[in-house]
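This report refers to the structure that appears directly beneath it.
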């Protein structure tokens, strides 16, 4: 079996592809696997680190602007895409692909477009509740459309092609035990809140959390708070909270980090998480069953983070704040209310677990096997 995975741009597109590729390699140790991505993006680091071959092309996304700069950008993007489709056809022929799967981002369009033109079985995995531009352009042409949320099926014209498979995530998010996680982190019975807003950090939300830490200090830190500042937040946030009279080294209940590398363990230990609402984050939260306060990024295409968040909110597993309405006082008040209501948090955990698909990677492997067998 020779399978091409195509993805790029963000970890939310790349990590699910790697999870499926790992499952496929476990099932078929002799399978040949190739990744196709875009030059200059995260896949150039993440895919080789996972042990897979990667070929990168020069492609760029489309602009939704209407000014001259946007028009020039789009002309260049179209020219790059046409060239990339031709390059992908050559790669596909030389590799002898039996199937091609894309997991999102404009980087996956050329390989999937080439595959459909060459009559090779193709499928797209859409991680967001609402289909993105690339998915909308390919949904009618690919062999199978794979979605995370059953609520998303209504957005596609051909229901016979659509299958709900969930989001492939690291197994630790599913099977990490709370008591075991707390032992690993040397945490006792205290309440634990985790907050994180992406690997780069979100300035507005970091500022809100910095203000919230002052409110926690006034209450003598009623819970343990683990906060990831992100790369850019790490440059200013430690000094900002120091100026507020909060010295991390003297606050055993405050754990300030640039990035949370052991997130499955930290999330399993937590009583509550405050997070953005990217597809990966929402699905990791659902898999772990950690009650959540979601604050979608307002700076994403088609406002897809808010739509992701509302899926979990409607199920009863999360609270939602829009960033423009989120103050330190309102956020802290909601945190205290949820921490004081254990029964409510238990219901939130049950709601999160109610529709989560734990065998997503295996389901996608089943579909790849079916497509390659049919072909």
From the option list 289, 317, single residue qualifying as crowded, with 24+ Cβ neighbours inside 10 Å, touching a helix residue (DSSP H, G or I) at 6+ places or on another chain (Cβ under 6 Å) and over 23 Å from residue 10 (Cβ atoms) is 317
When segment 154-173 is checked residue by residue, the ones that are over 20 Å from residue 366 (Cα atoms) and surrounded by fewer than 18 Cβ atoms within 10 Å (Cβ to Cβ) are 154, 155, 157, 158, 172
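Each row is one residue, and each column tells you yes or no for (1) assigned by TED's automatic domain parsing to the domain that holds residue 270; (2) surrounded by 13 or more Cβ atoms within 10 Å (Cβ to Cβ); (3) out of contact with any strand residue (DSSP E or B) (no Cβ under 7 Å at 6 or more places or on another chain); (4) not in a loop (DSSP other than H, G, I, E, B).
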{"position": "330", "(1), (2), (3), (4)": "yes, yes, yes, yes"}
{"position": "338", "(1), (2), (3), (4)": "yes, yes, no, yes"}
{"position": "343", "(1), (2), (3), (4)": "yes, no, yes, yes"}
{"position": "363", "(1), (2), (3), (4)": "no, yes, yes, yes"}
Within segment 348-375, restricting to residues that are more than 24 Å from the chain's Cα centre (by Cα) and modelled with pLDDT of 90 or more, the one that is nearest to residue 18 (Cα to Cα) is 369
In segment 141-172, anything free of Cβ contacts under 8 Å to residues at least 12 places away in the same chain and farther than 20 Å from residue 122 by Cβ is listed as 154, 171
Residue 101 vs (1) surrounded by 12 or more Cβ atoms within 10 Å (Cβ to Cβ); (2) assigned to a helix (DSSP H, G or I); (3) at pLDDT 90 or above: all pass except (2)
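The values are calculated or read from the model by the stated rules, or taken from the named source; none is laboratory data. For clarity, every value in this text was computed on a predicted model and none was experimentally measured. Note that we place each Cβ from the backbone using ideal geometry, even for glycine, and neighbour counts take in every protein chain shown.
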